[in-house]
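To start, the structure under review is shown below, and the notes come after it.
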Amino acid sequence: MKVEAPLRELVAEVGEPISKRSDIPSLDGLRAISIFLVLVAHAVPGTHKPTFFGVGLDFGNLGVRIFFVISGFLITSLLLKERVHSGGVSLRRFYIRRSLRILPAFLLFIGAISLLSVFGILEIPPKSWLYVLTYTVNFAPLPPFPWVLGHLWSLSVEEQFYFLWPMVMKFGRSMTCTLVAIIAVFAGPATHAMQELGGFSLPGIGPFPLVCSAIAMGSLLAMWTPAARSLIVSSNHLSGGRILGTC
C-alpha cells in the first residue's frame, strides 16, 4: 500500500528511537508517577480521594488517566512508524505482540485468583469470569463485582483500545485518524453531559465512552507533535532556543 506523503512528513521526526520504550526515559518517569498516584489512592482506607490542605484530589483517577495518555502516545507512535516504513499496519503482528506482552502476567493473575477461589479463600461469582475473560470488566456492574478482579477494569479499557484503534490506523488516512481521535477526546465529556441531562448511566467503573478521552489525547500527541516541532523549526518567530527546549 502506498503511503500518503502527508503521513510520511508527519512522522518524519519520530525516528527510530520510538520503536523502543527504553529510548524514551521521560515516559518511563511519567509511568512511574502514574503508578505512584494509584498506589497512594489505594493506600487511603475507604476512599480514592485523599485530601491535602483541605483540597480533595482524586489521585487514583489522575494516575490512571496519565497512564492512558502514555499508552495512546506509544501505541500510535509505533503504528505510525510501521505505516511509514512498511506501507501499512499488520493487525496480525500487532495483536501477537500485544498478546505476548499482556497474556503471561494476565493468565498468572487470574490463575492465582482461580486457585484462591477453589480453596474457598476468595468468593468469585461465576458470572464475573465472563467479564474478565472478555476484557469487559470496565462495563461490569458495581457492586456486586468482586473487588479483587475490579482492578482489571483499566486493562479492559486498554484491550478495547488495542482492538479498535489499530483498525482505524490500518484503514483510515491520516486526517481520518485525527478526526476519530478528536471525536474520542470529546466522547467522555459528551457522555457525562448526556448522563446528567438524560438521567441514564452506563454500567461499570470505567465504560469505554467515558474514559477513552485520555487515550485519544495521547494518540493526537503522537500524530501531531512532530508536525508542531517542524512548524516551530521553520518559523522565524517561534524557532528560538527557549521555545524549542519546551517541546
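The values are calculated or read from the model by the stated rules, or taken from the named source; none is laboratory data. Because the structure is predicted, anything quoted here is derived from the model rather than measured. When we count neighbours, we look across all protein chains shown, and the Cβ atoms used for this are built from the backbone with ideal geometry, even at glycine.
In the stretch 141-171, the residue that is surrounded by the most Cβ atoms within 10 Å (Cβ to Cβ) out of those that are modelled with pLDDT under 90 and part of a loop (DSSP other than H, G, I, E, B) is Phe145. Pairing residues of the stretch 190-202 that are of a type in the set (Phe, Trp, Tyr) with residues that are in a helix (DSSP H, G or I), at Cβ distances under 9 Å and at least 6 apart in sequence or on separate chains, gives Phe200/Met194. A search for C-beta distances below 6 Å between a residue of the stretch 151-168 that is touching a residue at least 40 places away in the same chain (Cβ under 8 Å) and any residue that is surrounded by fewer than 19 Cβ atoms within 10 Å (Cβ to Cβ) and among the charged types (D, E, K, R), counting only pairs 6+ apart in sequence or on different chains, returns Tyr162/Arg98.
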